[in-house]
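The values are calculated or read from the model by the stated rules, or taken from the named source; none is laboratory data. Computed from a predicted structure; not experimentally measured. Cβ atoms come from the backbone with ideal geometry, glycine included; neighbour counts cover every protein chain shown. Side chains included, ligands, DNA and RNA excluded: accessible areas come from the protein's heavy atoms. Shrake-Rupley method; radii C 1.70, N 1.55, O 1.52, S 1.80 Å.
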Amino acid sequence: MKNHRVAIAVFALIGALIGGLAGFLLVPHASRYTASANVALLPSPDLTLVEASGFWDVLTRGQVTRTAAVVYGDKRWLTPAANAAKVPQGQLALTAAALPETTILTVKVTAGSEAAAETALTEVLNAATPQVSALAAPYTVKVLWPPKGGGVTPVPLPGRPQVAAAGALGGLLVGAGAGWFYTRRSRAGTATTRRSSSEPTGEDTLARS
């Protein structure tokens, strides 16, 4: 029994070492950056104060802003954005969401570099805003452009120690399972051999008679 436990421990240790090393080496090295900008929906400036109050009431319900967010988040804008940023379309990620209890929505583009993220976001806003303005009429769509570079933030990635630890844990479990399976088969084979050796042969039967 002790030997079987040692074998399982050895398998588990080897699995942990392999998993930890794989996690350390396979951790993603590429950085990701997200460029974001806010878009505000406002009543037309030509409205009187009384008229504008009614339009504000509709806006604060959020439906107009959510509809605009759906249009800004449409993946069709990724093609011109990728062309403008000169990167493969698969490297870009686009999201848009309305901010609760406001008339503002946020548009975000994630890319492999700050410049690509910023350029792609600019292209998305330029391409989508005319259609959003047409759908949102009579409301005015105002893009709140961030200062150059001011709307770009790095996307946090898991560090090597965290990924290595997760890999080691996974390898430990897999290794322990493999060790248990190995020792089980080994014990089954040993038991079969013992039974075979203990069964009397034909010569033994004749000698006894």
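Return the residues of the range 141-158 that are within 24 Å of the chain's Cα centre (by Cα) and either at pLDDT 65 or above or of a type in the set (A, V, I, L, M) (or both); say none if nothing qualifies.
Gly151, Val152, Thr153, Pro154, Val155, Pro156, Leu157, listed by residue number.
Among the residues of the range 77-109, which ones are under 21 Å from the mean Cα position of the chain (by Cα) and open to solvent by 60 Å² or more (accessible area, probe 1.4 Å)?
Pro88, Gln89, Gly90, Gln91, Thr95, Lys108, listed by residue number.
How about the range 35-50: which of its residues are surrounded by 13 or more Cβ atoms within 10 Å (Cβ to Cβ) and either modelled with pLDDT under 70 or within 25 Å of the chain's Cα centre (by Cα) (or both)?
Ala35, Ser36, Ala37, Asn38, Leu47
Condition check ((1) aromatic (Phe, Trp, Tyr); (2) modelled with pLDDT under 75) across all residues:
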position: Ala127; (1), (2): no, no
position: Ala134; (1), (2): no, no
position: Tyr139; (1), (2): yes, no
position: Arg160; (1), (2): no, yes
position: Ala188; (1), (2): no, yes
position: Ser209; (1), (2): no, yes
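May I ask you to list the residues in the range 66-76 that are touching a helix residue (DSSP H, G or I) at 6+ places or on another chain (Cβ under 7 Å) and open to solvent by less than 40 Å² (accessible area, probe 1.4 Å)?
Result: Ala68, Val71, Tyr72.
Answer yes or no as to whether Leu94 is farther than 11 Å from Val39 by Cα and either in a strand (DSSP E or B) or of a type in the set (Val, Ile, Thr) (or both).
Considered against the rule, which asks whether it is farther than 11 Å from Val39 by Cα and either in a strand (DSSP E or B) or of a type in the set (Val, Ile, Thr) (or both), Leu94 comes out as yes.
Mind telling me which of the residues Thr193, Thr183 ends up being polar (S, T, N, Q), over 22 Å from Gly73 (Cα atoms) and modelled with pLDDT of 65 or more?
Result of the check over Thr193, Thr183: Thr183.
How many residues are closer than 15 Å to Trp77 by Cβ and charged (D, E, K, R) if we restrict to the range 119-149?
Here the count works out to 1.
When residues of the range 98-125 are filtered for being under 17 Å from Val39 (Cβ atoms) and outside any helix (DSSP H, G or I), how many remain?
Final tally of qualifying residues: 12.
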